[in-house]
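Here's the structure we're looking at; comments come further down.
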Amino acid sequence: QVQLVESGGGLVQPGGSLRLSCAASGSRFNFFAMGWHRQSPGKQRELVAQIISGGSTNYVDSVKGRFTISRDNAKNTVYLEMNSLKPEDTAVYYCNTITAMTFKSYWGQGTQVTVSS
C-alpha cells in the first residue's frame, strides 16, 4: 500500500508564495509519475502540474510561469512551488502518484490553499 501525505497549504495574500510537499511511503512500488491536482467548489478536479519519471513536466495553462514542480527521488517526495498566487488559485490541492508496473493511481487527502486579501 502506498500512502501520500501533503503539507504546506495555508492562507496567503494575492501575489504571495507557498510551497507544497508530498511524501510517498509504504509498498516499494516504482513510480511512473507524480503530480498535483486541485478542486474548488463547483469545479471539476484538474491537473495542475505533473512530473514524469524521465524528468519531463506538464502544467495547466493557468499556472505556467508561476508554478514549478520538482521531485527528490531519494526521499520519494514531490514539491510544488507556487508564486504570484491569485484568488482563483484557491482550492484543495491533492497529491497523486501513478505506479510504473500496474499504473495504479494513489491520492493524498488534500491540503487547502486559500489566496485572499
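Some points to look at:
- With DNA, RNA and ligands ignored, accessible area of LYS43 (1.4 Å probe; Å², nearest 10): 130
- The DSSP beta bridges internal to the chain are antiparallel in roughly 95% of cases.
- FRET E, pair SER62, VAL5, Förster distance 35 Å, beta-carbon r, rounded to 0.05: 0.85
- Summary of packing: across the peptides 96-102, 45-51, the per-residue average of other C-beta atoms within 10 Å ranks them, highest first, as 45-51, 96-102.
- Under 17 Å from LYS43, Cα to Cα: lysines that are on another chain or at least 8 residues apart: LYS86
- Placing unit charges on the Cβ atoms of the charged side chains and taking the dipole of the chain about its Cα centre, the candidate lying farthest along the positive direction among LEU85, GLY108, ALA74 is ALA74.
The values are calculated or read from the model by the stated rules, or taken from the named source; none is laboratory data. These figures come from a predicted structure and were not determined experimentally. Note that we place each Cβ from the backbone using ideal geometry, even for glycine, and neighbour counts take in every protein chain shown. Keep in mind that these areas ignore ligands, DNA and RNA; they rest on the heavy atoms of the full protein, side chains included. Shrake-Rupley method; radii C 1.70, N 1.55, O 1.52, S 1.80 Å.
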